[in-house]
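Colleague: A single structure is presented below for examination.
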Amino acid sequence: MATGTAASAAAEVTERNRGRIERARQLLGTIHEARAPFGPGNVLTPLNDLSVELANASSECGLLSEVHPDAEVRSAAEAIVRDVVALQTELLQDAALYDALGGINKSDPLAFRVVELTRRDMRRTGIELDQAGRELVRDLRTKLITLGQEFSRNIRDDVRAIELDGPADLEGLPADYVAQHPPGDNGKIRVTTDYPDAIPFMSYAKSERARRALSAASQTRATPRNLEILDRLLGARQELATMLGYGTWADYATEILMSGSAQNVRDFIARAYEATEESARADRELLLAAKRRNHPGATTIGDWESTYYTEQVKARTLGFDARTVRPYFEYRAVRQAILDLVSELFGIAFTKVDEPLWHPSVETFDVTVDGRPGGRISLDMHPREGKYKHAACFSLRVGVAGKQLPHPVLVCNFPDPDAASGPALMEHREVVTFFHEFGHLIHGIVGGTHPWARLVRVTEWDFIEAPSQFLEEWIYDFAVLRGFAKHVETGEQISEELVARLRSARDFARGQFVQRQLFLSAVSLAYHDRDTAGLDTTALAFDLAERYSPTEMLPESRFQASFGHLDGYTAAYYTYMWSLCIAKDLGSAFPNGFLDPVAARRYRDLILAPAGTKPAATLVEDFLGRPYDFEAFRKWLAPR
């Protein structure tokens, strides 16, 4: 990994990955030399080796562009990613490769799945267009990756802050938070839009003025630049989809997903929204009742106050104050608990190793699965300047059987025990996020055991969140929590009664939560399901908020400018709710509770380990013994 000065580190990253790209080009030349009869030996094996080289370059540089502390290295990594995409496009438009793949028979079903998926990828990259059409597709793909990188960079680099007049503006915040936010030299208290600052503040700060100001700062990040970039992204996507014979980018993006079409996504959003209406209505009445104690006659709940009043209802009505569980969730204890739980349930053991990476705070562990080498994981868990601002699982190295073991990397923004003046206490919702993202990491480890690089990832992206959402269930189980959740000052173990109230509080406002997610899903889809000429993304977002959002948007909101999923997921943000529907159904296969190691290993082997070797719907059917359905999701949304 890159070390030394920024310039030398950037040069090292560039040299290593240009070598990978050059080896990939040489392997493409080997394929061109192949002659019929075509088969795995003379076509798929060199293609697989080529794919590993490009995956390694793309994974390493895609990660470093989001996490490396030196801007020069991030820039060099972005350049490599653009070069990889250019070569991938060239590969996917290679007529000789397309014809050779078409000559491979079905004698090896797994190898033939690689053939089918690759030829499909090639058709979706313009292999059947004329030369002029293929060149335009190449130009558009290059444009999209460049714009997407700039869109993400602007979000990553734009941390905003508000200044508070004094301690009175911190009223309602936990004592540890107040201690970590002393007045500066100017007497002002600075609160940023980074998660460790923003999440507690929006949850507990009594000052509506301050909450509204922080919400406005967050919802205008990356403006105005990203508003213009988003317009260009949407236009380029529409142009590319049209070039390839699709009506809209939404049609193009959903064709290869579980949903299968943009219309099916619209139908799912409508069906899911209908299932929320009764519970969301009940949630809304409780939230308004809480708000009316401060604002008699209030008829709406704003974005800037939804989390605050949700916590108020939980405290007053359900007897649960989220501030009371924070002392039980110190970052290091939570991290160790997740490692221990995964070891117990899934037979995955972790041994810490000393591997210098891009930042000294990154922790790395060797992994074994059932006692066999399984690769490595790294945890980059705390905010810093120039780093990715949300939570995600990246890959430093994909796993390909017989070639290399996987090395997934968790990138989050949780409280830093080395930077805090007191214990690094987490909100329970941050603990849930930790478990969720660790689910992706486990998937990367146990799914990285297949010989074909094309099959080491789940084929349908709208299934990708289901295993992670399913892992969230464990963090509400008393048997799990009692093993590690101890009060940071007294050492007292969390009580079963407190966990019961935690679970009860979790059930509140799920209708509101799903409606918020469906609103974002509708925005993501609507931006991509129409002619983008003259599209006003802000006006459309406000129109959709009227239909779907359970809360009132700030008039100055331009949240789409920092909605990072509009780059990665494009039209498919609905993935989260589609996957959640499946995740709720997966729970039916744990009749003895989520700590059943037999069911957990079966889940590991049937859902996680196969990765892309089977369609996602087949994986779920293998596990459940039937096709998944909507009913568990509907039941979960029903009013309590």
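Colleague: Among ASP139, ASP165, which is acidic (Asp, Glu) and over 16 Å from LEU244 (Cβ atoms)?
Modeller: Sole residue among the options that is acidic (Asp, Glu) and over 16 Å from LEU244 (Cβ atoms): ASP165.
Colleague: Of the residues that sit in the range 512-549 and are polar (S, T, N, Q) and part of a helix (DSSP H, G or I), which one is farthest from ALA282 (Cα to Cα)? Before you say what the answer is, go through the steps one by one.
Modeller: Within the range 512-549, the subset polar (S, T, N, Q) is 512, 515, 517, 521, 524, 532, 537-538, 549.
From what is left, the residues that are part of a helix (DSSP H, G or I) are 512, 515, 517, 521, 524, 537-538.
Details: GLN512: 9, GLN515: 13, GLN517: 18, SER521: 23, SER524: 27, THR537: 31, THR538: 29 Å.
Ranking the qualifying residues of the range 512-549, first place goes to THR537.
Colleague: From LEU47, LEU27, which residue is surrounded by 23 or more Cβ atoms within 10 Å (Cβ to Cβ) and either within 33 Å of the chain's Cα centre (by Cα) or on the phi > 0 side of the Ramachandran plot (or both)?
Modeller: Answer to the selection: LEU47.
Colleague: Out of the residues in the range 291-316 that are part of a loop (DSSP other than H, G, I, E, B) and under 16 Å from PHE513 (Cβ atoms), which is farthest from the chain's Cα centre (by Cα)?
Modeller: Applying the first criterion (part of a loop (DSSP other than H, G, I, E, B)) to the range 291-316 yields 293-301, 303-305.
Still in the running and under 16 Å from PHE513 (Cβ atoms): 301, 303, 305.
Working: ILE301: 27, ASP303: 22, GLU305: 25 Å.
Step by step, filter the range 291-316, then rank; the result is ILE301.
Colleague: Please state which one of LEU240, LEU257 is in a helix (DSSP H, G or I), in contact (Cβ under 8 Å) with a residue 24 or more places away in the chain, of a type in the set (A, V, I, L, M) and more than 30 Å from ASP169 (Cβ to Cβ).
Modeller: LEU240
Colleague: Can you tell which of PHE268, PHE350, PHE346 is modelled with pLDDT of 95 or more, in the same structural domain as TYR476 (by TED's automatic domain parsing) and under 25 Å from the mean Cα position of the chain (by Cα)?
Modeller: Answer to the selection: PHE350.
Colleague: What about LEU117, is it in a helix (DSSP H, G or I) and not acidic (Asp, Glu)?
Modeller: yes
Colleague: Residues GLU274, GLU278: which one is free of Cβ contacts under 8 Å to residues at least 40 places away in the same chain, in the same structural domain as PRO555 (by TED's automatic domain parsing) and part of a helix (DSSP H, G or I)? So that I can check it myself, show each step before the final result.
Modeller: Values: GLU278 fails: free of Cβ contacts under 8 Å to residues at least 40 places away in the same chain.
Only one candidate passes the filter, namely GLU274.
Colleague: How many residues are more than 24 Å from the chain's Cα centre (by Cα), outside any helix (DSSP H, G or I) and surrounded by 19 or more Cβ atoms within 10 Å (Cβ to Cβ) when one looks only at the range 317-338?
Modeller: The total comes to 2.
Colleague: Six or more apart or on different chains, Cβ under 8 Å: which pairs go from a residue in the range 512-540 that's over 15 Å from THR248 (Cβ atoms) and assigned by TED's automatic domain parsing to the domain that holds GLU278 to one that's part of a loop (DSSP other than H, G, I, E, B) and among the charged types (D, E, K, R)? Could you list them?
Modeller: Matching pairs, first to second residue: THR538/ARG558.
Colleague: Kindly indicate the residue of the range 595-640 that is in contact with a His (Cβ under 7 Å, 6 or more places away or on another chain) and of a type outside the set (Ser, Thr, Tyr) and also farthest from GLY511 (Cα to Cα) among those meeting that condition.
Modeller: Checked the range 595-640; the qualifying residue farthest from GLY511 (Cα to Cα) is ALA611.
Colleague: Sort out which residues of the range 572-589 are touching an Asp or Glu at 6+ places or on another chain (Cβ under 7 Å) and free of Cβ contacts under 8 Å to residues at least 60 places away in the same chain, and write them in order of number.
Modeller: Listed by number, the list holds a single entry, ASP585.
Colleague: Do we find that ASP176 is closer than 19 Å to LYS206 by Cβ and in a helix (DSSP H, G or I) in this structure? Explain how you work it out, then say what you get.
Modeller: Details: closer than 19 Å to LYS206 by Cβ: yes; in a helix (DSSP H, G or I): yes.
Taking the combined requirement at face value, the residue satisfies it.
Colleague: Determine the pairs where a residue that is over 9 Å from THR537 (Cβ atoms) and outside any helix (DSSP H, G or I), located within the range 557-570, has a partner that is among the aromatic types (Phe, Trp, Tyr) and modelled with pLDDT under 95 with Cβ atoms under 8 Å apart, the partner being 6 or more residues away or on another chain.
Modeller: TYR569/TRP461
The values are calculated or read from the model by the stated rules, or taken from the named source; none is laboratory data. In this text the structure is predicted, and so the values were computed from the model without any measurement. FYI the Cβ positions are ideal-geometry reconstructions off the backbone, even for glycines, and counts take in every protein chain you see.
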